[in-house]
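The values are calculated or read from the model by the stated rules, or taken from the named source; none is laboratory data. On a predicted model such as this, the values are computed, not experimentally measured, just so you know. Methodologically, a virtual Cβ is constructed for each residue, glycine included, from the backbone with ideal geometry; neighbour enumeration extends over all protein chains shown. With ligands, DNA and RNA removed, areas are computed over all heavy atoms of the protein, side chains included. Shrake-Rupley method; radii C 1.70, N 1.55, O 1.52, S 1.80 Å.
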Amino acid sequence: MNEFDKIEDITESLKQYVMVNFEIIKLEATERTSAIGSSFLSVVIVASAAFLFLFTLSIGIGFYLSFLLNDTYSGFLIIAGFYFLLALVLFFGRKKFLKSPLRDRIIKEILENRETQNPQ
């Protein structure tokens, strides 16, 4: 076996090594993306169900309060006022109540996925 054949074999092995590593990276990226996507989709589904429940409950409470107050609109105005106050609290506390917990949860999810894939 001459030098040229050895170089050719090394070059071919290097090409195969690079292609295998590229495939591994693609598969890992696909797995991470699917894990994050499935987590996001499950949150959307649960949030949708919670929204429908809250929406229906709000209508029921609005009707009930209107019945108690003997006024068609008062119950719904009280419910609307409650949601307005909730929106204000969430708006002014969005960093503390929304951004930081969501960011921490996303980071935790990514790190957990990485640890389960690469236990060292």
Residue identified as out of contact with any Lys or Arg (no Cβ under 6 Å at 6 or more places or on another chain) and surrounded by 12 or more Cβ atoms within 10 Å (Cβ to Cβ) among SER58, SER48: SER58
Filter result (out of contact with any Leu (no Cβ under 8 Å at 6 or more places or on another chain) and either open to solvent by 70 Å² or more (accessible area, probe 1.4 Å) or of a type in the set (Val, Ile, Thr) (or both)) within segment 77-87: LEU77, PHE82, TYR83, PHE84, LEU85, LEU86
Whichever residue in segment 30-73 is charged (D, E, K, R) and in contact (Cβ under 8 Å) with a residue 60 or more places away in the chain and, among such residues, is nearest to ASP104 (Cα to Cα): ARG32
Test result for LEU57, among the aliphatic types (A, V, I, L, M) and over 32 Å from the mean Cα position of the chain (by Cα): no
Test: residue in segment 90-100 that is of a type in the set (S, T, N, Q), open to solvent by less than 80 Å² (accessible area, probe 1.4 Å) and touching a helix residue (DSSP H, G or I) at 6+ places or on another chain (Cβ under 8 Å): no
Some residue of segment 5-22 being part of a helix (DSSP H, G or I) and surrounded by 11 or more Cβ atoms within 10 Å (Cβ to Cβ): yes
Yes/no for SER66 being hydroxyl-bearing (Ser, Thr, Tyr), modelled with pLDDT under 90 and surrounded by 10 or more Cβ atoms within 10 Å (Cβ to Cβ): no
Residue match in segment 53-70 (condition: within 30 Å of GLU112 (Cα to Cα) and in a helix (DSSP H, G or I)): no
